[in-house]
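To start, the structure itself, in structure tokens.
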Amino acid sequence: MKVILKAAALLICFHFCASGVFAQTNEKAFYGSWELDQSAYYGRQEPPTRYTKIFNADHTFANLQTQAGKTFTSHSGKYQVNNDDYYTERALYVKEGMSFVFKDKDVIIHYHFSDDKKWLTFSFTVQNGTAFTERWRRSDQAYADNSNLSQKKINPTTR
């Protein structure tokens, strides 16, 4: 009986450790800029809006919209990768007029990466019951890592 309990305890510990490792691996896959795939919407918006989502290593995110050459942050906040299927977003800033984003509310989002980690699909339902599925493409843009900002020096002649 003691052997069975020890084996069960060991398996439970292994499960939690492995889940943490997979979540950390997926967390790093989030880092960077993602652009919303709008192939289904082309031709319907005048002028077209470009949507960019940025995940930073310090667990912050920002959603940007670019329309008619002007870019603004629609919402931003904190995120946490829960496991290899779900992550949680909490918007701490929401631009006025963003009707589907709720400030200071956790939104649990199901995610799935393509095998090559170049595509990311989200499925979620917001507080008012509206369900969304979004497909994002990894962008070549860099991401901000604010964890050691004070240690980085910028040489203006090499820009």
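For this structure, a couple of remarks:
- Test result for Ala91, of a type in the set (Gly, Ala, Ser), under 18 Å from Ser123 (Cα atoms) and either surrounded by 15 or more Cβ atoms within 10 Å (Cβ to Cβ) or more than 11 Å from the chain's Cα centre (by Cα) (or both): yes
- Test result for Ser99, open to solvent by less than 80 Å² (accessible area, probe 1.4 Å), in a loop (DSSP other than H, G, I, E, B) and more than 18 Å from Glu27 (Cα to Cα): yes
- Scan of the stretch 123-144 for residues that are modelled with pLDDT under 75 and open to solvent by 60 Å² or more (accessible area, probe 1.4 Å), ordered by number: Asp140, Gln141, Ala142, Tyr143
- Put simply, of Asn56, Asn128 the only residue that is of a type in the set (S, T, N, Q) and more than 17 Å from Asp140 (Cα to Cα) is Asn128.
- Identity of the residue in the stretch 102-122, outside any strand (DSSP E or B) and under 23 Å from Thr73 (Cβ atoms), that ends up most open to solvent (accessible area, probe 1.4 Å): Lys105
- Within the stretch 58-81, tally of residues that are hydrophobic (A, V, I, L, M, F, W, C), open to solvent by less than 30 Å² (accessible area, probe 1.4 Å) and without any contact (Cβ under 8 Å) to a residue 40 or more places away in the chain: 2
The values are calculated or read from the model by the stated rules, or taken from the named source; none is laboratory data. Every value quoted in this text rests on a predicted model; they were computed, and no experiment measured them. When we count neighbours, we look across all protein chains shown, and the Cβ atoms used for this are built from the backbone with ideal geometry, even at glycine. With ligands, DNA and RNA removed, areas are computed over all heavy atoms of the protein, side chains included. Shrake-Rupley method; radii C 1.70, N 1.55, O 1.52, S 1.80 Å.
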